[in-house]
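Note sheet for the following structure.
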């Protein structure tokens, strides 16, 4: 069956992790590789924090905080309370369990381990059977040129709650970054069933991955079909600042705009069934399907839709 062939997924945090979980649940675990955006990574309180990697770790292991939409379930906040009493920075919330992840990552990075080796060990300890890779072991950082000056991503996203108007995005370090070798090997695997671009923010979650030299070309040359799922449903983002950023960048806030953003390497675009005009605006195959992933069953169903659609495409 086609589902026994390798699948490669590119993902950011919460939105992408939902489809990544759907793929994880329906595929043999040794066939799925998930590449995580690390443009969001930053240093805070002396700690190395990888938000999208951690969201994937918590989601795939069933330990994500469904109430908050980020962090770990059953979290406690003793550290943040004590830090606040000392006058420390509390704008980026670190739960006690989440803090352990950052402390241990920081210790091991300082000892000379690579981010990918640490991530691989963490996913095993979380009981996750699929391969989870950072996009690169080299440092790439997303910066935003806004009406309030240039901002680091987490400053824009968390501290300022996406309020500044975005004019341009930059990915510092991307020009010299190297994609993880296993990422490139997965793209070159002749057995590859599909490359799946999860429904993450295209500008701050997927573009950092694509900014690494050679990645867009590798996707164009890949023998497997490349399928993307829209993060826009009915002119709105399911979560996060995607729609706001599109408007500020002068783009129509609709599913077709995201498809156009990927069109140089995309073979199939999957938009929500509530966006029937998407296909007319795109010069590439488009499938309409239910894409809102409110339940675990929704995530599995969309994953099956993506893979079944990929079966019908030949490059």
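The values are calculated or read from the model by the stated rules, or taken from the named source; none is laboratory data. Just so we're clear, the structure is a prediction, and the values are computed from it rather than from any experiment. Note that each Cβ is placed from the backbone with ideal geometry, even for glycine, and that neighbours are counted across all protein chains shown.
Of these, 89, 84, which one is modelled with pLDDT of 95 or more, farther than 20 Å from residue 133 by Cα, out of contact with any helix residue (DSSP H, G or I) (no Cβ under 9 Å at 6 or more places or on another chain) and not in a strand (DSSP E or B)? Give the derivation first.
Working: 89 fails: out of contact with any helix residue (DSSP H, G or I) (no Cβ under 9 Å at 6 or more places or on another chain).
So the residue among 89, 84 that is modelled with pLDDT of 95 or more, farther than 20 Å from residue 133 by Cα, out of contact with any helix residue (DSSP H, G or I) (no Cβ under 9 Å at 6 or more places or on another chain) and not in a strand (DSSP E or B) is 84.
Only one of these conditions is not met by residue 175: (1) part of a loop (DSSP other than H, G, I, E, B); (2) without any contact (Cβ under 8 Å) to a residue 12 or more places away in the chain. Which number is it?
All conditions are met except number (2).
So, residue 183, is that one surrounded by fewer than 20 Cβ atoms within 10 Å (Cβ to Cβ), within 25 Å of residue 4 (Cβ to Cβ) and touching a helix residue (DSSP H, G or I) at 6+ places or on another chain (Cβ under 9 Å) or not? Walk me through it before giving the result.
On the way: surrounded by fewer than 20 Cβ atoms within 10 Å (Cβ to Cβ): no; within 25 Å of residue 4 (Cβ to Cβ): yes; touching a helix residue (DSSP H, G or I) at 6+ places or on another chain (Cβ under 9 Å): yes.
So residue 183 does not fit the description; no.
Has segment 160-169 got at least one residue that is in a strand (DSSP E or B) and either under 25 Å from residue 214 (Cα atoms) or without any contact (Cβ under 8 Å) to a residue 60 or more places away in the chain (or both)? It would help to see each step written out before you state the result.
Here is the first cut: in segment 160-169, the ones in a strand (DSSP E or B) are 166-169.
Cutting the leftovers down to either under 25 Å from residue 214 (Cα atoms) or without any contact (Cβ under 8 Å) to a residue 60 or more places away in the chain (or both) gives us 168-169.
Yes, segment 160-169 contains at least one residue that is in a strand (DSSP E or B) and either under 25 Å from residue 214 (Cα atoms) or without any contact (Cβ under 8 Å) to a residue 60 or more places away in the chain (or both).
Any residue at all in segment 53-64 that is surrounded by 17 or more Cβ atoms within 10 Å (Cβ to Cβ), farther than 24 Å from residue 239 by Cβ and without any contact (Cβ under 8 Å) to a residue 60 or more places away in the chain?
Within segment 53-64 (the criterion being surrounded by 17 or more Cβ atoms within 10 Å (Cβ to Cβ), farther than 24 Å from residue 239 by Cβ and without any contact (Cβ under 8 Å) to a residue 60 or more places away in the chain), the answer is no, since none of the residues qualifies.
Name every residue in segment 186-198 that is part of a loop (DSSP other than H, G, I, E, B) and within 30 Å of residue 152 (Cα to Cα), in order of residue number. I'd like the intermediate steps shown before the answer.
First pass over segment 186-198, keeping only residues part of a loop (DSSP other than H, G, I, E, B): 189-193, 198.
Once the filter is applied, which keeps residues that are part of a loop (DSSP other than H, G, I, E, B) and within 30 Å of residue 152 (Cα to Cα), segment 186-198 yields only 198.
Among the numbered criteria (1) over 18 Å from the mean Cα position of the chain (by Cα); (2) crowded, with 16+ Cβ neighbours inside 10 Å; (3) at pLDDT below 95, which single criterion is violated by residue 243?
Residue 243 satisfies every listed condition except (1).
Out of curiosity, is residue 250 under 18 Å from the mean Cα position of the chain (by Cα) and without any contact (Cβ under 8 Å) to a residue 40 or more places away in the chain? First the steps, then the outcome.
Values: under 18 Å from the mean Cα position of the chain (by Cα): no; without any contact (Cβ under 8 Å) to a residue 40 or more places away in the chain: yes.
Judged against the criteria, residue 250 is not a match.
For the condition touching a strand residue (DSSP E or B) at 6+ places or on another chain (Cβ under 7 Å), surrounded by fewer than 19 Cβ atoms within 10 Å (Cβ to Cβ) and closer than 18 Å to residue 15 by Cβ, what is the one hit in 305, 295?
Sole residue among the options that is touching a strand residue (DSSP E or B) at 6+ places or on another chain (Cβ under 7 Å), surrounded by fewer than 19 Cβ atoms within 10 Å (Cβ to Cβ) and closer than 18 Å to residue 15 by Cβ: 305.
Across segment 217-234, what is the number of residues that are in contact (Cβ under 8 Å) with a residue 40 or more places away in the chain and surrounded by fewer than 16 Cβ atoms within 10 Å (Cβ to Cβ)? Step through it out loud before you land on a result.
Taking segment 217-234 and keeping what is in contact (Cβ under 8 Å) with a residue 40 or more places away in the chain, we get 219-220, 222-234.
With surrounded by fewer than 16 Cβ atoms within 10 Å (Cβ to Cβ) added as a condition, the list becomes 220, 223, 234.
Adding up the residues that qualify gives 3.
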